[in-house]
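Below is one structure, written out as structure tokens, with a few remarks after it.
The values are calculated or read from the model by the stated rules, or taken from the named source; none is laboratory data. Remember, predicted model here, so these are calculated numbers, not experimental data. Cβ sites come from the backbone with ideal geometry, for glycine too, and all protein chains shown count toward neighbours. Note: accessible area is taken over every heavy atom of the protein model, side chains too, but ligands, DNA and RNA are not part of it. Shrake-Rupley method; radii C 1.70, N 1.55, O 1.52, S 1.80 Å.
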Amino acid sequence: MLVGAVGLIGAALRLREYVADRSLWLDESFLALDLIRQDVPGLLGRLDFNQGAAPAFLLVDKGIEVADRSEAALRLPSLVFGLATLALAWQVARRVCSPAAALIAYALVALSPALVYYSSELKQYAGDTACGLAVTWVALGLTGRPSRRTAIAAAAVGAAAVSLSHAAIFVVAGQGAVLVAAALVRKRLPSRALVIVVGVWALAAGAVLAHTLSTSSGVLSSYRSSADLGSGTVGSGGRGVHALKALATAVLGDVGLPTGGRAFTVVTLVLSAVGVLGLVALLRARPLATLVVTVPALVTLAANATDHYPVSGRTVLFLVPIASICIGEGAASLARVAHGAAPALGVALAGFALAYPVHGDVELLRTPTKEETRPVLNALALEARPGDRFFLAYAAQYAVAYYQQCDCTRVPGWTLVPSRGGRAQWSPALLSTRQVLVQPYRGDDQNAYLSQVRTLPPGRIWLIVSHAADAKEHAFLYDRLQRAFAARGTRLTAIRERGALATLYALR
């Protein structure tokens, strides 16, 4: 009964996030433009705007795009993956954990704010989690003496998973190695069925990896030039303790735990210790199953430490079930040690672990959107007059280009000219015309952006901005750039939505 209730709550949260139908934000707009503008061979090559995803994921979304380009349609695969995660997480947890621990672990997965959010985003990260769990589920079935039917199913699931998810490569690599090593430790050759399964996984993973290295090298290069590879050191994934800390912090943040301040010490570090205790308990009780579940985290850590895989919240989302299982088993183990106080202690620990994820879910319910470009364009379509001109801040052009082509919303009566795109992230999506001026990307050179404002001819012009990546960019877009326009004339009106703004100026 409790399991069903947890599953229903998790499903309700994901469906609520999906039906909120928020506007596409910048990162989604990049991929949406690729889906709209590229044919199938193009999608299987190097994408524009520095995007990358597994080939089958792109083909699934392309099939949907042919029928319907709306946000809800393009996000549908992520919702399916999110709901599948709920079903698979319980099946994996109950195979590995004690009953009480499985329930806690399942609740952490169901309530993870990151898993809830990415179940309604047009990106591949919800699929990473579902595919990783699917492979784990079938791998657990291979720990005994698998039947022919089990082996065929496992081979098919693994091959499908790596074609849908880059992260699944780490899962099949780690779990295939564990299964083969376990057979050798028992001083017997792996069964023919296991050899076939692992062979299929290796071939599929190798093919997808080769494709990824040839088509998504730019994505990894951009991560290498930032701190996102792990240690906080530019161009490095970090080594040893630094890489481990980065990975653990990112995964625990995805669980919904605080990643900074006093709360990090009081909550996250305490639950990390609980998770280590749980891992030890699992290794003692069910060593093979535990290794099957957890070794993919070590493979990911190794890839990160050698600068071959980035660590950030979304890229390690598929490791949330591993952390949840360890924390759940640790809490249950502490409760068992407490003997007479076990029920009360177990409930207290479960509440302690779930408090921050629940808080994160509440915040998602309050503010389910990032940047609402669509309603701004809807209002512009009603308020703009013939002869008005439009000035698009560089980051706003991608969502504007998507909404112009999606046939899913009202847009102003303007003539937009698509650009040829390009592999760089900030390649232009639109070309400037006399009616619509598209600000070129100038990096952090704010004066270069402002100099363009000083050359604008007089008349009515709408300034459209969205996507402030940080506080510095927000201050520029919503303050300094606005003041530069105001210095040229009179501010007449503004259309403001969360994360997006259109301001009308009469320039002199």
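At a glance:
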{"quantity": "Subset tally (residues that are closer than 24 Å to Arg314 by Cβ and hydrophobic (A, V, I, L, M, F, W, C)) for region 160-201", "calculated": "11"}
{"quantity": "Any hit, region 39-47, residues being part of a helix (DSSP H, G or I) and touching a residue at least 40 places away in the same chain (Cβ under 8 Å)", "calculated": "no"}
{"quantity": "Residue list for region 259-274, filter: more than 15 Å from Gly351 (Cα to Cα) and either open to solvent by less than 40 Å² (accessible area, probe 1.4 Å) or not aromatic (Phe, Trp, Tyr) (or both)", "calculated": "Thr259, Gly260, Gly261, Arg262, Ala263, Thr265, Leu269, Ser272, Ala273"}
{"quantity": "Exclusive hit being within 21 Å of Ile36 (Cβ to Cβ), assigned to a loop (DSSP other than H, G, I, E, B) and charged (D, E, K, R), set Arg434, Arg410, Arg442", "calculated": "Arg410"}
{"quantity": "Enumeration of residues in region 360-378 that are surrounded by fewer than 18 Cβ atoms within 10 Å (Cβ to Cβ) and not in a helix (DSSP H, G or I)", "calculated": "Thr367, Thr369"}
{"quantity": "Region 1-38, residues that are open to solvent by 20 Å² or more (accessible area, probe 1.4 Å) and without any contact (Cβ under 8 Å) to a residue 60 or more places away in the chain", "calculated": "Met1, Gly4, Ala5, Leu8, Ala12, Val19, Asp21, Gln38"}
{"quantity": "Pairs where the first residue, in region 181-195, is within 18 Å of Thr290 (Cβ to Cβ) and the second is of a type in the set (Phe, Trp, Tyr), C-beta under 7 Å, 6+ apart", "calculated": "none"}
{"quantity": "Matching strands (runs of 3 or more DSSP E) fully within region 450-508 where at least 3 residues are open to solvent by 10 Å² or more (accessible area, probe 1.4 Å) and over 21 Å from Tyr398 (Cα atoms)", "calculated": "489-497"}
{"quantity": "Only listed residue being over 30 Å from Ser216 (Cα atoms) and either buried (at least 19 other Cβ atoms within 10 Å of the Cβ) or at pLDDT below 95 (or both), chosen from Gly443, Gly413, Gly422", "calculated": "Gly413"}
{"quantity": "Filter result for Arg385 (among the charged types (D, E, K, R) and under 30 Å from Arg22 (Cα atoms))", "calculated": "yes"}
{"quantity": "Number of positions in region 379-394 that are of a type in the set (D, E, K, R), open to solvent by 20 Å² or more (accessible area, probe 1.4 Å) and either in contact with a Gly (Cβ under 6 Å, 6 or more places away or on another chain) or part of a loop (DSSP other than H, G, I, E, B) (or both)", "calculated": "1"}
{"quantity": "Residue pairs meeting the criteria (Cβ under 7 Å; at least 6 apart or on separate chains; first of a type in the set (S, T, N, Q), in region 86-97; second part of a helix (DSSP H, G or I))", "calculated": "Gln91/Trp137"}
{"quantity": "Test: Leu103 is at pLDDT below 95, open to solvent by 10 Å² or more (accessible area, probe 1.4 Å) and in a helix (DSSP H, G or I)", "calculated": "no"}
